[in-house]
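The values are calculated or read from the model by the stated rules, or taken from the named source; none is laboratory data. Predicted, not measured: the structure shown is a model, and the values here were computed from it. In this analysis, Cβ positions are derived from the backbone assuming ideal geometry, glycine residues included, and neighbour counts consider all displayed protein chains. The area values use the complete protein model at the heavy-atom level, side chains included, leaving out ligands, DNA and RNA. Shrake-Rupley method; radii C 1.70, N 1.55, O 1.52, S 1.80 Å.
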Amino acid sequence: MISPTTFRKVLYSVLGLSLAIYACSARAADKEEKTEKTNEVEIKDITLKIPEAWKSSPPSNNLRLAQFEIPAVKGDKEPAELVVSSFGGTGGGVAANVSRWIGQFASGKDREAKVTQGESKDGKYIFVDISGTYNKSIGPPFLRKTEAVPDSRMLGVILAVEGKAYYFLKLTGPKKTVSSVVDEFRASFGANTKEEKPFEQ
């Protein structure tokens, strides 16, 4: 007959083992959930790997080649948006475009910007990461009307496909939602994060 003390020891051992198995299973489930399926989307000279949850829609104006809506995370009311465009050249120069993007956020202590450069399978790129109060464009671009949206974030990419064209990828939206898809966005165009260096004009 098993003594009460021995029984308790066996019971605690079984409970401990069960909790350990549960914790491992939960971590595996989280990892599996994070690995989201993607679709390859060809946009002229480039091919992007777009997560299935990002909804494609017809471009809202003729300056856009493609656009995608990224679902809002819990706590955000608005979704984020990824816009892809190309103007053949750099549209005034790489540095000018970087400055223009940073200028779309209100200057002040809450504005943060980081600019790096790297190389993907499609070519060299400039990666711009900005957060703060975004002056969001409202209505047709030629009207140049904007609305100040606090607590926003932008991930912008200028991708140079050698001998062909420059492509502009611009993901904007609420900071929490954009922050939740940084890895997916980088993976979409094949960014090599480890090899990136500070941007040099």
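Across region 168-188, not a single residue is classified as at positive phi and over 16 Å from the mean Cα position of the chain (by Cα). The set of residues in region 129-145 that are on the phi < 0 side of the Ramachandran plot and either touching a residue at least 60 places away in the same chain (Cβ under 8 Å) or open to solvent by 60 Å² or more (accessible area, probe 1.4 Å) (or both) comprises Lys136, Ser137, Ile138, Pro140, Pro141, Phe142, Leu143, Lys145. Of the strands (runs of 3 or more DSSP E) lying entirely inside region 45-96, those carrying at least 1 residues that are of a type in the set (Ser, Thr, Tyr) are 46-51, 55-57, 80-88.
Across region 79-105, the qualifying residues are those that are modelled with pLDDT of 95 or more and touching a Gly at 6+ places or on another chain (Cβ under 7 Å), and the one among them that is surrounded by the most Cβ atoms within 10 Å (Cβ to Cβ) is Ala80.
Here Glu162 does not qualify as more than 14 Å from the chain's Cα centre (by Cα), at pLDDT 95 or above and open to solvent by 70 Å² or more (accessible area, probe 1.4 Å). Against the condition touching a residue at least 60 places away in the same chain (Cβ under 8 Å) and either open to solvent by less than 70 Å² (accessible area, probe 1.4 Å) or part of a loop (DSSP other than H, G, I, E, B) (or both), how does Ala148 come out, does it pass? So Ala148 does not fit the description; no. Restricted to region 106-128, and to residues there that are under 19 Å from the mean Cα position of the chain (by Cα) and open to solvent by 50 Å² or more (accessible area, probe 1.4 Å), the residue that is farthest from Arg153 (Cα to Cα) is Lys121.
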